[in-house]
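Undergrad: Here it is: the structure, laid out below.
Every read-out reported here was derived from the displayed coordinates using simple, explicitly stated rules and does not represent laboratory data. Just so you know, these numbers come straight off a predicted model, no measurement behind them. Cβ coordinates were reconstructed from backbone atoms using ideal geometry, including for glycine residues, and neighbour counts include every protein chain displayed.
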């Protein structure tokens, strides 16, 4: 008993940095977010209790809040499935080719290393509405030029395009590693049973990959709802205009939250927004985990 | 059948090359714009190679008072190096406890650790800021760096998985010889998980190098800016000088690309490790 106690005491010494981190940088701020969300708080003065007023304002009065929700949903619903699909397609193609795999892998992965500031500025240049590279390409193809980030219609697709350029490489590498792990014996067994290539892919390869797809989907979803840097830089104009892109079409959730909290010093309101996003993401995570029971296959997965 | 045997690889390579070009052209555009004169940047048709490369764009950028290169470099390296040392050391110590020590509440604590991997950062953002503000640390690097010294869920998880692959006999034998846990960790475990330590270090270094929101929130004095905010500030001064902006942008991107080519094995291994085990 005393030995066990001593072992535990020593182990807690080892995990103490992490316990402190959990308490100071996770548990406390989480609880404080909930508390601040029920207050009016400008940092200069101590938080003043106002009950649910922040939430009432958010849901009933703040039209920009709903616009931000819409912009973020639009961005996520298009961008995340596209990222997953393109990554899976590229990984599948690479899995079947032996030549040049190193070159392709590098080409697809390099953009994800580029700092977000550089990425955003670079794409603002490429998507310049007058004579950017993208519009030059469209004109060569005989298509009409687009306004890209200067158009309320095309600004969100512009952000999605950037997210694809940055966000495909990483899941592609992960999917590729998963595909390479498909046990040869299962494929041979399927062939003996008369499965053609298409059937082997959909009935053997993809089901074995579903745990990996599931994990990446979840991580990408959570990150996508909190997209910030690209939209922030793309909408920070030198002219001091207050709209986030044309007609606020690039006002994503985090940009709105940042403006409320750090530009207008409404920390209470920003905390309320943080709490709403947090609860929405918890709910979404639970839904995705629940749905996974019907499409993620764990049994028969190869031990690693 | 024979036809299919060679048309398929050809089609698949054609598709791969097309997509690879789409991924690489923006990087080429970054490079090429940075050596163009101003009037050759936004043109239709596009100019793929400038008639007279302007290498002095780099000189202009690196000596521009609005882009104090060495100061930005010093700040960025400080942030990257110190935070990386902090997270590697603290995460290794915590991971060792999860991998090798028996203690009450270990499995529960590990489950909590995994759960925090999914925790959206937004829910801790504001109170953490307020906390550092009350301590009078906003405007310094402390809010950006201190948290790294208290381990991170992801790094703990990654290092623990690696440590679990080391045969228990090795550390048991050392314990029998009277070695303390710290010595076992330092002399036996850490040398064996070096590849994992390098992966953690690389990814953390790059994360800090690219971090934008952290410095945006916590740093107000431009003499303390790292590259990310420095480039952002530079751009707001020289909004339309795309050649100078891309020269500055390439300067802060090139070290990462060079690091990738030098340490490619660790990058691929690292990314793969992060995603396969859910």
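Undergrad: Pick out which of B:123, B:146, B:93 has the largest mean-square fluctuation in a Gaussian network model of chain B, springs linking Cα atoms closer than 10 Å.
TA: It is B:123.
Undergrad: Report, as an integer, the average count of C-beta atoms from other chains found within 10 Å of each Cβ along B:112-120. Intermediate values should be presented prior to the final figure.
TA: Working: counts 4, 3, 0, 1, 6, 4, 7, 7, 11.
That works out to 5 on average.
Undergrad: Could you work out the relative contact order of chain B? I mean the mean sequence separation of Cα pairs under 8 Å and 6+ apart, divided by the number of residues, in percent.
TA: Values: 251 pairs, mean separation 87.1, N = 278.
Taking the mean separation of contacting Cα pairs over the length of chain B, I get 31 percent.
Undergrad: Using Cα pairs closer than 8 Å and at least 6 residues apart in sequence, work out the relative contact order for chain A, in percent.
TA: Worked out over chain A, it gives 28 percent.
Undergrad: Under a 10 Å cutoff between Cα atoms, tell me which one of B:188, B:32, B:229 has the largest fluctuation in the Gaussian network model of chain B.
TA: With Cα springs under 10 Å in chain B, the top fluctuation among B:188, B:32, B:229 is at B:188.
Undergrad: For the range B:33-85 and the range A:133-184, what is the separation of their Cα centres, given in Å?
TA: Using only Cα atoms, the two centres lie 25 Å from each other.
Undergrad: Report, in whole Å, the centroid distance computed from the Cα atoms of the range A:36-110 and the range B:218-265.
TA: First find each Cα centre; the distance between them is then 24 Å.
Undergrad: Please compute the average number of Cβ atoms from other chains found within 10 Å of each residue's Cβ in peptide A:128-140.
TA: On the way: counts 3, 0, 3, 6, 5, 11, 2, 3, 6, 4, 1, 2, 3.
Across A:128-140, the average partner-chain Cβ count within 10 Å equals 4.
Undergrad: Pick from A:265, A:190, A:243: which is most flexible by mean-square fluctuation in a GNM of chain A where alpha carbon atoms under 10 Å apart are linked?
TA: Taking springs between Cα atoms under 10 Å, the residue moving most is A:190.
Undergrad: Also: Partner chain Cβ atoms within 10 Å, averaged over the residues of A:157-164 - can you pull that number for me?
TA: Details: counts 0, 0, 0, 0, 0, 1, 0, 2.
Per residue, the average neighbour count from other chains is 0.
Undergrad: For chain A, what is the calculated [θ] at 222 nm in deg cm²/dmol (nearest 500), taking -39500 (n - 2.57) for each run of four or more DSSP H residues and dividing by its residue count?
TA: The helix contribution divided over chain A gives -20500 deg cm²/dmol.
Undergrad: Can you show me the helix-derived [θ] at 222 nm for chain B, built from DSSP H runs with n ≥ 4 at -39,500 (n - 2.57) apiece and divided by the number of residues, rounded to the nearest 500.
TA: Counting only the DSSP helices, I get -22000 deg cm²/dmol.
Undergrad: Moving on to the next point. Fewest to most neighbouring Cβ within 10 Å: what's the order for A:10, B:235, A:200?
TA: Lowest to highest Cβ neighbour count: A:10, A:200, B:235.
Undergrad: Using alpha carbons only, how many angstrom separate the centre of the range B:99-129 from the centre of the range A:202-280?
TA: Cα centroid of the range B:99-129 versus Cα centroid of the range A:202-280: 22 Å apart.
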